[in-house]
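Take a look at the structure set out below.
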Amino acid sequence: ASLSRKSATFQDGSQSIDVSTVQSDISGDEVLIEYVRYRHPDIDKGPRSWGEPRYAAYLVFSDRVRIFDLGSAREIDQAISSLKSQLTDEGTTIQEIQKEAQILDELIFTPLRMELTNTKKLIISPDSELNLIPFEALYSSNSRYLVEDYEISYISSGRELTRIGKTARSSNPPVTIASPNYGERSGDNRSSGIRSVDIDTLSVYPFRMGL
């Protein structure tokens, strides 16, 4: 009780929040996408029996909620693993990454696109294996990365939206942190000894993540 009185964050975290409260913090061009990995009861097999894991997506707009069943978690988890492997393998080509990114896009994002006509910003809350991949790298059948069409941010749950507005903005300037992976030059894949002025002669592999 003492902590609750002294800490607004702790107090907010201990209070129940309904959908309408979360919706009040979502603007007209935003959507909160909550991914969930779940197992439903298998009545045919008797009590306390559960079906195979599946993924679902909850789309929370300022004025409505849509729910999509995305299918077998086994298939989606395999696609996630394949994309993650491609992103972390320095020998992988961009075309190979795009192929795996498109497979995953078709499983977890293509079903949602019909609802995102007027959406500009995605607030994504991943679950389970979906925490291991950058959604920005998803690649559509129209040959576009997801980050080309939307501004993307991440939260752990919709509850966080109710606290973000109450958090004081930092007075410090923004900091950009990146870890580019530059291609080979003159047969040497090491970047030691290369001056910054020579950077423009190197090829950059986008979305190469240190996962």
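The values are calculated or read from the model by the stated rules, or taken from the named source; none is laboratory data. Being a predicted model, the structure only gives us computed values, none of them experimental. Cβ sites come from the backbone with ideal geometry, for glycine too, and all protein chains shown count toward neighbours. What goes into the accessible areas is simple: the full protein's heavy atoms, side chains included, and nothing from ligands, DNA or RNA. Shrake-Rupley method; radii C 1.70, N 1.55, O 1.52, S 1.80 Å.
Expressed as a whole percentage, what fraction of the accessible surface of the stretch 36-93 belongs to carbon and sulfur atoms when a 1.4 Å probe is rolled over the protein heavy atoms? Don't skip to the end; give the middle numbers.
Working: 1690 of 3630 Å².
Looking at the stretch 36-93 in its full context, I get 46 percent from C and S.
In nm, give the distance between the simple-model label positions of residue 69 and residue 90, each being 7 Å from the Cα along the Cα-to-Cβ direction.
4.6 nm
Quick check on packing: order 46-56, 94-104, 151-161 by the mean number of other C-beta atoms within 10 Å, highest mean leading.
94-104, 151-161, 46-56
Can you tell me the alpha carbon radius of gyration of the stretch 46-126 divided by the globular rule-of-thumb value 2.2 N^0.38 Å?
Details: Rg = 15.6 Å, N = 81, 2.2 N^0.38 = 11.7 Å.
Ratio of Cα Rg to 2.2 N^0.38 Å: 1.34.
Can you compute the modelled spin-label distance between residue 58 and residue 106, with each label point 7 Å from Cα toward Cβ, in nm?
2.9 nm
Per residue, how large is the accessible surface of the stretch 54-134? Use a 1.4 angstrom probe and give square angstrom.
Value returned for the stretch 54-134: 48 Å² of accessible area per residue.
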